[in-house]
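Notes to accompany the following structure.
The values are calculated or read from the model by the stated rules, or taken from the named source; none is laboratory data. Predicted, not measured: the structure shown is a model, and the values here were computed from it. As a convention, Cβ positions derive from the backbone with ideal geometry for all residues, glycine included, and neighbour counts pool all protein chains shown. The area values use the complete protein model at the heavy-atom level, side chains included, leaving out ligands, DNA and RNA. Shrake-Rupley method; radii C 1.70, N 1.55, O 1.52, S 1.80 Å.
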Amino acid sequence: MSAYYRPVTFVSGYGSRVSEHSILLIRHGQTEWSAAGKHTSHTDVPLTGVGERQAHAAGRTYAVLHGGRHPALVLSSPRLRAEHTARLAGIDVDEATEDLAEWDYGRYEGTTTDEIHRTVPDWTLWTDGAPDGETPAQVAARGDRVLDRARAALADGDVVLVGHGHFSRVLIARWLGLDVALGEGFRVDPASISALGYDRGAPQIRHLNVPPT
């Protein structure tokens, strides 16, 4: 059994208030580094003009997806690109938390996958992690901690998590009880929104990578 496996958390009574609500994952808008494919975790790179327009548009998509309901909890990564995206989208953040920070890329911060492959041809973040950064097991544990907190708030309404690309994909995989490595199969573009919830008590993806409109 994988070291990153976690049993799926079902909810009893699928007609309950928990099953009516969603966890909305919002990725920050474009930055110069994201546009160039550079791994960006703790570096505070600002949104580009395109990223700011994407964030505004994400606010319109968010308004449609959450249907005007007041969220029970809104968390953001403390990186400026995430907080700025939330602000431009018209989303009031309750708390900025390091638990929602991007996967720590360690020595690979600011590099592209192509650059890494010149010296480590078989490297993949999803199974190898990053030297002096986070391992898949560490990022899985952090994702589980975020989801435990979100799950506890679902009875009172939707939960909004404003963050980053790789970590959002980790959250999707862990919501389904999957190995972190399977997060590689989910696409999450800048300023897109994904929604997680329950169907008859079973965790499901309700929306994936909905673009800003």
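Quick check: pseudo-label points 7 Å beyond the Cα along Cα→Cβ at ASP128 and HIS42, how many nm apart are they?
The modelled label-to-label distance comes out at 2.2 nm.
How much length is gained on full extension from ALA141 to HIS207, taking 0.36 nm per residue of separation minus their Cα-Cα distance? Spell out each step's value before the answer.
Numbers: separation 66, 0.36 × 66 = 23.76 nm, distance 2.37 nm.
Length gained, ALA141 through HIS207: 21.4 nm.
Between ARG69 and THR111, what is 0.36 nm times their sequence separation minus the Cα-Cα distance? Round to one decimal in nm. If you can, show how the numbers build up before the last one.
On the way: separation 42, 0.36 × 42 = 15.12 nm, distance 4.01 nm.
Going from the current span to full extension adds 11.1 nm.
Could you tell me the accessible area of TYR198 in Å² (1.4 Å probe, neighbours in place), rounded to the nearest ten?
10
Quick one: which residues, 5 or more positions from LEU208 or on another chain, have an amide H under 5 Å from its amide H? H modelled 1.01 Å from N in the peptide plane, none for Pro or chain starts.
The list, which skips near neighbours in sequence, is ALA195.
So if each residue of separation counts as 0.36 nm, and I subtract the Cα-Cα distance between ARG187 and ASP94, what length gain in nm does that give?
So the extension gain works out to 30.8 nm.
Starting from the amide H of SER76, placed 1.01 Å from N in the peptide plane, find each other amide H under 5 Å away whose residue is 5 or more places distant or on another chain.
Here the answer is GLU95, ALA96, THR97, VAL162, since their amide H atoms fall under 5 Å of that of SER76.
Over the chain, give the accessible area per residue in Å² for a 1.4 Å probe, as an integer. Kindly include the intermediate steps, with their values, before the conclusion.
Working: 9550 Å² over 213 residues.
Roughly 45 Å² per residue, with all protein chains present.
With θ taken as phi - 60° and the coefficients 6.51, -1.76 and 1.60, list the Karplus ³J(HN,Hα) couplings across region 64-74 in order, rounded to whole Hz; mark glycine and proline as x.
Karplus values, whole Hz, x for Gly and Pro: 6, 5, 8, x, x, 6, 7, x, 6, 7, 10.
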